[in-house]
Amino acid sequence: MNDQTPTAVERAEKLQGLGSKRKRVEDARFTQGKGNYVDDIKLPGMLFGDFVRSPYGHARIKSIDKAAALAVPGVVAVLTAEDLKPLNLHYMPTLAGDVQAVLADEKVLFQGQEVAFVVAENRYVAADAVDLVEVDYEQLPAINDPFKAMDADAPVLREDIKDKMEGAHGPRKHVNHIFTWEVGDKDAAHKAISEAEVVAEEMISYQRVHPCPLETCGCVASMDKINGKLTIWGTFQAPHAVRTVASLITNIPEHNIRIISPDIGGGFGNKVGVYPGYICSAVASIVTGVPIKWIEDRIENLTSTAFARDYHMKGRISATSDGKITGLDCHVLADHGAFDACADPTKFPAGFFNICTGSYDIPAAHVTVDGVYTNKAPGGVAYRCSFRVTEASYFIERMVDVLARKLDMDPADLRLKNFIKKEQFPYTSVLGWEYDSGDYETALDKAMKTVDYTGLRAEQKANREAFDRGETRKLMGIGVAFFTEIVGAGPVKNCDILGLGMFDSCEIRIHPTGSAIARLGTISQGQGHATTFAQILASEIGIPADMITIEEGDTDTAPYGLGTYGSRSTPVAGAATAMAGRKIRAKAQMIAAYLLEVHEDDLEWDVDRFQVKGNPESHKTMAELAFASYNQAIPGLEPGLEAVSYYDPPNMTYPFGAYLCVLDIDVDTGVTDVRRFYALDDCGTRINPMIIEGQVHGGLTEALAIAMGQEIAYDEIGNVKGATLLDFYLPTAVETPAWETDYTVTPSPHHPIGAKGVGESPNVGGVSAFSNAVNDAFAHKGLTHTQMPHDHWRVWKTAEKLGLNG
Amino acid sequence: MSKMHVKMTVNGKPVEGLAEPRTLLIHFLREDLNLTGPHIGCDTSHCGACTVDLDGKSVKSCTVFVAQANGAEVTTIEGIANPDGTLHALQEAFREHHGLQCGFCTPGMITRAHRLLQENPNPTEAEIRMGISGNLCRCTGYQNIVKSITAAAEQLASMKEAAE
Amino acid sequence: MIPGAFDYHRPSTVAEAVTLLADAGEDGRVLAGGHSLIPMMKLRMATPETLIDLRHIDELRGIDENGGTITIGAMTTQAEMIASGLLADVCPILRETALQIADPQIRNLGTIGGNVANGDPGNDLPALMQALDAAYVIAGKSGSREVAARDFYEAAYFTALQDGEVLTAIRIATPPAGHGWAYEKQKRKIGDYATAAAAVLLTMSGGKCASASIALTNVGDTPLFAEAAGAALAGTDLGADAVNAAVAAAEAIAEPAEDGRGPVDFRIKVAGQMVRRGIARAASRAS
């Protein structure tokens, strides 16, 4: 070597692999307005679809008159359930084992439900015609309160299944009941609670919210009648699953369906499901022979495609008088709306809610969940979280705080006392999950030191005294939250959707000149996969990330995968990427051995090359090996350098974190000001710190929105109260505080690179931190729990009930 | 419905077309002119994804009829890059400081920031936050957007200084 | 969300606009900044067949002060009000209030005339105009008339504006030098209408409040001129009793509807808080 020869460290830096704050490759086109989102697609002869929707929460359809609409020049067709029935497409299967009306069949069950699909030459004509479709309704009594859904005299909502009392997840107790799901040892949990020195009991509701990505859902369906191929571009977080569902619904062979997810303007769980708009567009394209575009407007998005939460969790938690938790019991009433269209793995109708023992070593626990139908939009998706994990995390983090008040203990101390200890990992929870790794105490300790927790509590004490003396009308709240997520669904042995195992995949081709393309079964919606997956691969195969193209979202080219949600991309597809990279490297090693005329075992991998052990001068770089694979006849080896990996994860991953929120509440107006928010995340190995930080900022902002204002509320007859962005709370840059981020690193022992996933953690932990802070502000006045969202009027009402106003 | 003859200057170039007066400016830009950078996010003038410059002022093009914009000068994200084709300092800064994720709000956000920096070349953080308060982002939490705009303002100031 | 079709006109004089409006009959509407009307049209809650765009009528723009009267052309945008050095000097509450309307993009098109004339009780400027005792100059086929802001609002979206009439200008008596002012608005976020808001103007003389004028936004079908609240302050030293009396008087006339911003009792109390804080801030600014 000479002194110009790059060192291993310099060569590694050039790769921009794991740990590099690599700039995103996606940004060049996005910053110039050159993204390619579904509404940007324009095809020759394309028509537009638009829905006639129900103005009522519950009504019988007496008649539909299309004549006036069909008379509008430019209107091509008006489809109703009657048109879909001969094709058996008026209902479609949901991902949760139920069926959902594609177009309302005799009845409408929620405001905004799809009743007819107008196809016209442009969106203006379509909208005009929608107004002219005359639907005669007979309004029926509606159910907006899940607690009344199973009343003896409750109206029957789902007449289509009223005689089918065996549901997808067991027997149904009532015509409006969907399932009961039970986990844990009921007797043990009840015994622990009945014998405990201290028991806290609380009803914790998590309101109905909506993922509300900035881009709404939509698609362009194009049936090519000549070759019989149906192509659908759309906002799909799981394109392969959509293809399989489309094939099952339409009977079009799967090879004749091509699903393409172009750029997606945020998903957050809203774009996992299959919606009537997709089916109607496909049918309309098949019927008309031209492409059909359907794009939701914002009201349609908020009122018809996949809401989240609406979980009502009644809990009991018990402890010894010195604060050792002994038992947990929870019953959830889950409002699924008019159809069960959750997107959970099949065997988990309440998702992974049984992660609700959280970060604590709880010896006895028991959970039951009852799902019910109401006259609300269907959904129940994982809004920036793994399946029902934010609900579970919110539940336990509120319950632990409630218990701390009862014990008169500091909530941080109670957590420290009950954490699963570092040496207990891998830890099997009493509700059945095997936590892979964690070091909770270190994380919370670091968080408390960084924010000077003791100092904050002292400041709060002084604030409370000043408040009582009448010197201030503001109360300070400190929210402590510690979360453990369960992400990366999941092992095929227990995770599937519609029978499709939740593995994921990566296929790599190395080109002769040493660059590469990798295709995955996932799809980015802003997470930066094109950047980070190239980084994983760069570290595995020694090709610079800039020389690796990442491609996702086209089912004709990408290997089969279950898509992107539930923080599964890094844990599952990221692992597949690393494993496929390792296959590439194994073959490259054989090529290197041939070229260097040594035994494979005499070679060692060094950043971007194989070198002869003890003689680094004798080496072959990956670029040289790539070229050799295309131009040398190597005995016993096929030409080319390609690999594919389908990765079935052995376990989920369990990211965790410690969040602290400090806020001030003006008791006279209910206005809350977040003064400080500190988020420590441990997502295992960190692939790209810049992107991790961005994900945390975004997730915290969504958590702020949920905790402080978001709600999809219905009135008694089933009207949605406020379905535009005037009322649905998305904070602007002014309401959003500055975020402080931090981290520890506890790698996952079973993931090939130790990564756990991070995109959803801040939502899971953030909501609890905000809510705990609001509750904490009033704790000394006797408050145990106040429901979200903590918007101005609810906070003011809390203050009023505590006698603090005037 | 009868169409009107519409003429305007978009990104410095004269354009014309036939459109119904009710055509929203955002649709005229996206569908008639194929300028698909500006997006529709909310339909009700709350999200700002459709932000463009109309006669030198930021507006939400989902709430402007094409008839109102007849004869106007319009600038979209496609017209922000420097005349020589290199990226504008804001475009560079958004990439450098991770000021975008899904990219859907980005064209409106950069177009708004572009105008903001002409109105106030040296804004404080509070002024930036207020200045982009008509633009919603669901991914970034705004922190890196604010950082990007601050960095671009500094870059533009130093370029101006160098030119003087 | 797609609006219905309409015929579009772009007059260059008020006379032309008035004629077009008369010709259009009851399905004609004037279009100012459009940020109230266009969303209503996109929801098909408004379906005018003729729109008369006032944005190119020069005589409807501009801000001046002459002989103790401020005149603001109806088509002056909120952004222009904010940028006006004259208003900042002689009547700064106009700027303070305009800054709390919607967001920067909307203020670039939204006009003072559109904000005061369409009768939306959520708009911020009507209450301010009542507090300032402004007069609206209205043009019609038969000439021009003036209506006091305090007499203009009849119910939500119903005003003294007759079919065929166009608001052309707003006239405000220049407040005396040294007056105190505050527009206090509580809202859920930028871009929202007020949960409740209060415009407070007062003058001080020898340590006493010489005069006070208070009006409320979005706690009734119309903006509410809180005459008794202002009267409760006049002649006092703005001590606790006087302020409490003014707050009670304002709360007594508030009749908000329950909506996403909160229930009735809460919004009444917020109105009271806005008045209380407005008085304090106005007093601190008075000399």
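A compact table of results
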read-out: Lone qualifier among A:Thr669, A:Thr732 - being open to solvent by less than 10 Å² (accessible area, probe 1.4 Å), more than 9 Å from chain B (Cβ to nearest Cβ), over 25 Å from A:Glu434 (Cβ atoms) and at pLDDT 95 or above; value: A:Thr669
read-out: Residue that is more than 10 Å from chain A (Cβ to nearest Cβ), within 16 Å of C:Asp133 (Cα to Cα) and in a helix (DSSP H, G or I), where the choices are C:Ala282, C:Ala231, C:Ala249; value: C:Ala231
read-out: Enumeration of residues in region A:36-83 that are of a type in the set (Lys, Arg) and closer than 11 Å to A:Val130 by Cα; value: A:Arg53, A:Lys66
read-out: Identity of the residue in region B:44-62, more than 7 Å from every other protein chain (Cβ to nearest Cβ) and farther than 21 Å from B:Cys137 by Cβ, that ends up least open to solvent (accessible area, probe 1.4 Å); value: B:Leu54
read-out: Matching residues, region A:251-302, being within 14 Å of another protein chain (Cβ to nearest Cβ), open to solvent by less than 10 Å² (accessible area, probe 1.4 Å) and assigned to a helix (DSSP H, G or I); value: A:Arg298, A:Asn301, A:Leu302
read-out: Some residue of region A:218-227 being within 14 Å of chain B (Cβ to nearest Cβ) and either part of a loop (DSSP other than H, G, I, E, B) or within 20 Å of A:Lys293 (Cα to Cα) (or both); value: yes
read-out: Within region C:117-199, strands (runs of 3 or more DSSP E) holding 3 or more residues that are crowded, with 18+ Cβ neighbours inside 10 Å; value: C:135-140, C:166-173, C:180-186
read-out: Inter-residue pairs, beta-carbon under 7 Å, first within 12 Å of another protein chain (Cβ to nearest Cβ) and in region C:1-15, second assigned to a loop (DSSP other than H, G, I, E, B) and surrounded by fewer than 18 Cβ atoms within 10 Å (Cβ to Cβ), 6+ apart; value: C:Met1/C:Leu43; C:Gly4/C:Arg44; C:Gly4/C:Thr47; C:Ala5/B:Met1; C:Phe6/C:Glu49; C:Asp7/C:Glu49; C:Arg10/C:His56
read-out: Which numbered condition C:Glu255 fails, given (1) under 23 Å from C:Ser211 (Cβ atoms); (2) more than 11 Å from chain A (Cβ to nearest Cβ); (3) open to solvent by 60 Å² or more (accessible area, probe 1.4 Å); value: (1)
read-out: Residue selected from region A:764-797 under the condition within 14 Å of chain C (Cβ to nearest Cβ) and within 17 Å of A:Gln207 (Cα to Cα), by the criterion most open to solvent (accessible area, probe 1.4 Å); value: A:Trp793
read-out: Single residue of C:Leu31, C:Leu60 found to be of a type outside the set (D, E, K, R) and either within 14 Å of chain B (Cβ to nearest Cβ) or open to solvent by 40 Å² or more (accessible area, probe 1.4 Å) (or both); value: C:Leu31
read-out: Some residue of region A:151-160 being open to solvent by less than 60 Å² (accessible area, probe 1.4 Å), touching a residue at least 40 places away in the same chain (Cβ under 8 Å), in contact with a Phe, Trp or Tyr (Cβ under 9 Å, 6 or more places away or on another chain) and not in a helix (DSSP H, G or I); value: yes
read-out: Filter result (at the interface with another protein chain (Cβ under 9 Å from one of its Cβ atoms), touching a strand residue (DSSP E or B) at 6+ places or on another chain (Cβ under 6 Å) and either within 24 Å of A:Thr216 (Cα to Cα) or surrounded by fewer than 22 Cβ atoms within 10 Å (Cβ to Cβ) (or both)) within region B:63-101; value: B:Asn70, B:Thr76
read-out: Condition broken by A:Val745, with the remaining ones in (1) under 26 Å from A:Leu537 (Cβ atoms); (2) assigned to a helix (DSSP H, G or I) satisfied; value: (2)
read-out: Extreme residue, most open to solvent (accessible area, probe 1.4 Å), among residues of region A:422-444 that are in contact (Cβ under 8 Å) with a residue 24 or more places away in the chain and assigned to a helix (DSSP H, G or I); value: A:Glu441
read-out: Residue within region B:136-143 that is over 23 Å from B:Pro38 (Cα atoms) and free of Cβ contacts under 8 Å to residues at least 12 places away in the same chain present; value: no
read-out: Number of the exception - B:His39 against (1) within 10 Å of chain A (Cβ to nearest Cβ); (2) touching a Leu at 6+ places or on another chain (Cβ under 6 Å); (3) outside any helix (DSSP H, G or I); value: (2)
read-out: Residues of region A:175-189 classified as farther than 20 Å from A:Gln100 by Cβ and not in a helix (DSSP H, G or I), total; value: 6
read-out: Matching residues in region C:190-208 - criterion: being in contact with a strand residue (DSSP E or B) (Cβ under 9 Å, 6 or more places away or on another chain) and either under 21 Å from C:Gly272 (Cα atoms) or within 14 Å of chain B (Cβ to nearest Cβ) (or both); value: C:Tyr193, C:Ala194, C:Thr195, C:Ala196, C:Ala197, C:Ala198, C:Ala199, C:Val200, C:Leu201, C:Leu202, C:Thr203
read-out: Scan of region A:717-727 for residues that are more than 9 Å from chain B (Cβ to nearest Cβ) and either in contact with a Cys (Cβ under 9 Å, 6 or more places away or on another chain) or open to solvent by 10 Å² or more (accessible area, probe 1.4 Å) (or both), ordered by number; value: A:Ile717, A:Asn719, A:Val720, A:Lys721, A:Gly722, A:Ala723, A:Asp727
read-out: Members of region A:604-643 that are of a type in the set (Lys, Arg) and touching a His at 6+ places or on another chain (Cβ under 6 Å); value: A:Arg609
read-out: Any hit, region A:491-506, residues being in contact with a strand residue (DSSP E or B) (Cβ under 8 Å, 6 or more places away or on another chain) and more than 30 Å from A:Leu248 (Cα to Cα); value: no
read-out: Subset of region A:304-342 [under 20 Å from the mean Cα position of the chain (by Cα) and open to solvent by 10 Å² or more (accessible area, probe 1.4 Å)]; value: A:His312, A:Ala341
read-out: Residue in region B:102-122 that is farthest from the other protein chains (Cβ to nearest Cβ), counting only those that are among the polar types (S, T, N, Q) and part of a helix (DSSP H, G or I); value: B:Gln118
read-out: Elements of type strands (runs of 3 or more DSSP E) in region A:478-567, at least 1 residues being in contact with an Asp or Glu (Cβ under 9 Å, 6 or more places away or on another chain); value: A:504-510, A:516-520
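Rundown of residues vs (1) free of Cβ contacts under 8 Å to residues at least 60 places away in the same chain; (2) in a strand (DSSP E or B); (3) in contact with a Pro (Cβ under 6 Å, 6 or more places away or on another chain), yes/no style:
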{"position": "C:Glu59", "(1), (2), (3)": "no, no, no"}
{"position": "C:Glu65", "(1), (2), (3)": "no, yes, no"}
{"position": "C:Ile72", "(1), (2), (3)": "no, yes, no"}
{"position": "C:Met75", "(1), (2), (3)": "yes, no, no"}
{"position": "C:Met81", "(1), (2), (3)": "yes, no, no"}
{"position": "C:Leu87", "(1), (2), (3)": "yes, no, no"}
{"position": "C:Ile93", "(1), (2), (3)": "no, no, no"}
{"position": "C:Thr97", "(1), (2), (3)": "no, no, no"}
{"position": "C:Gln100", "(1), (2), (3)": "no, no, no"}
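The values are calculated or read from the model by the stated rules, or taken from the named source; none is laboratory data. Note that this is a predicted model, so its numbers are computed, not measured. With ideal geometry, Cβ positions are generated from the backbone for all residues, glycine too; neighbour counts draw on all protein chains shown. Heads up: the accessible areas ignore ligands, DNA and RNA and are worked out on the full protein's heavy atoms, side chains in. Shrake-Rupley method; radii C 1.70, N 1.55, O 1.52, S 1.80 Å.
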